[in-house]
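Each remark here refers to the structure printed beneath this line.
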Amino acid sequence: GDEEIKYTAFKFSGGEVSFKLEDEDYNFSRPLIYKTDLTSSDSIILLCLLKEYFDCVRPNPPSIREPYLMPRFLYLNYTPYGRQDRGERLEPFGLKVFSKIINSLKFDRVTVYDPHSYVTGALLDNVSFIDRLSTCSFHDYPYNFFVRNKDAIIVSPDQGAFKINDEIARKYNKYHIFANKTRDKETGEVNGMTLISDIPLKGRNCVILDDICDGGRTFIELHKLLKKEGINEA
């Protein structure tokens, strides 16, 4: 089976991240697969450190460093800066900056799960996607939920999510509605939302599917609207 390389991450007193392997004896004759969520800036730097280290293996004697020639794959369960998929006059193009960092690591393949934006594909090298429909197909929960709740409605918090969720709605033959939301221009927080629906929601089961979730404010505000419509909360 696959061998997991174990290490301990730590921080120096100045705040810099680093790591130390827990064992010296690993088999480097197979491809290296990096699986990560990259949920912080520290985790991005840690990935860079791991990649640099394993690009050169340490055979005996340990003072010799040789190039590591086996394929190297990266799996991104979460892609940082995915929501910053364009440059604004007063804001940086975050996804472009992040992609430059990943491209500099020269992975042979980068697999992205359910990208927030397909701009990701234009910026990352050697990239492939596992889209939302495929991700849902990997698990029994969505299918079983929709079978048990034949009247379930898919709710998208905005038109961007609506486009992504449309395939899922058609696959499971479900009604699909969405909401319009407004944000505070200074903070980016949701400060208003209206529901767009041409079907009665009273007593219906609703499933909110967004294209990204960080603080959860969108889900909270949308649930308030759905609750006013009398949805089933059992």
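The values are calculated or read from the model by the stated rules, or taken from the named source; none is laboratory data. Just so it is clear, the structure is predicted and the values come from calculations on it, not from any experiment. Every residue, glycine as well, gets a Cβ built from its backbone with ideal geometry; the counts of neighbours run over all protein chains shown. Surface areas here come from the heavy atoms of the whole protein model, side chains and all, with no ligands, DNA or RNA. Shrake-Rupley method; radii C 1.70, N 1.55, O 1.52, S 1.80 Å.
Would you please name the residue that is modelled with the lowest pLDDT, looking only at residues in region 113-127 that are open to solvent by 40 Å² or more (accessible area, probe 1.4 Å) and in contact with a strand residue (DSSP E or B) (Cβ under 6 Å, 6 or more places away or on another chain)? So, considering only residues that are open to solvent by 40 Å² or more (accessible area, probe 1.4 Å) and in contact with a strand residue (DSSP E or B) (Cβ under 6 Å, 6 or more places away or on another chain), the one modelled with the lowest pLDDT is Tyr113.
For residues in region 160-190 being among the polar types (S, T, N, Q) and exposed (fewer than 13 other Cβ atoms within 10 Å of the Cβ), which is modelled with the highest pLDDT? The residue in question is Asn173.
How many residues are in contact with a Phe, Trp or Tyr (Cβ under 8 Å, 6 or more places away or on another chain) and either at positive phi or modelled with pLDDT under 85 (or both) when one looks only at region 15-32?
Filtering region 15-32 down to residues in contact with a Phe, Trp or Tyr (Cβ under 8 Å, 6 or more places away or on another chain) leaves 17-22, 28, 31-32.
Subsequent filtering for residues that are either at positive phi or modelled with pLDDT under 85 (or both) retains 28, 31.
Adding up the residues that qualify gives 2.
Reported count of residues in region 15-26, each being outside any strand (DSSP E or B) and open to solvent by 80 Å² or more (accessible area, probe 1.4 Å), is 4.
How many of the residues making up region 128-138 are open to solvent by less than 50 Å² (accessible area, probe 1.4 Å) and either at pLDDT 95 or above or over 18 Å from Leu38 (Cα atoms) (or both)? Explain how you work it out, then say what you get.
Here is the first cut: in region 128-138, the residues open to solvent by less than 50 Å² (accessible area, probe 1.4 Å) are 128, 130-136.
Keeping just the survivors that are either at pLDDT 95 or above or over 18 Å from Leu38 (Cα atoms) (or both) gives 131-136.
Of the residues in that region, 6 qualify.
Filter region 94-105 for residues that are in contact (Cβ under 8 Å) with a residue 40 or more places away in the chain and surrounded by 16 or more Cβ atoms within 10 Å (Cβ to Cβ); which is farthest from Leu123 (Cα to Cα)? Per the stated criteria, the residue is Leu105. Is it the case that some residue within region 29-45 is assigned to a loop (DSSP other than H, G, I, E, B), more than 22 Å from Val110 (Cβ to Cβ) and open to solvent by 40 Å² or more (accessible area, probe 1.4 Å)? Yes: region 29-45 contains one or more residues that are assigned to a loop (DSSP other than H, G, I, E, B), more than 22 Å from Val110 (Cβ to Cβ) and open to solvent by 40 Å² or more (accessible area, probe 1.4 Å).
Scanning region 209-232 for residues that are open to solvent by less than 40 Å² (accessible area, probe 1.4 Å), in a loop (DSSP other than H, G, I, E, B) and at pLDDT 85 or above turns up Gly230, Ile231.
Here's the yes/no breakdown for (1) open to solvent by less than 40 Å² (accessible area, probe 1.4 Å); (2) modelled with pLDDT under 85; (3) not in a helix (DSSP H, G or I):
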residue: Glu3; (1), (2), (3): no, yes, yes
residue: Ser13; (1), (2), (3): no, no, yes
residue: Pro92; (1), (2), (3): no, no, yes
residue: Phe107; (1), (2), (3): yes, no, yes
residue: Thr111; (1), (2), (3): yes, no, yes
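Within region 146-159, the set of residues being of a type in the set (S, T, N, Q) and either touching a Ser or Thr at 6+ places or on another chain (Cβ under 9 Å) or open to solvent by 50 Å² or more (accessible area, probe 1.4 Å) (or both) comprises just one member, Gln159.
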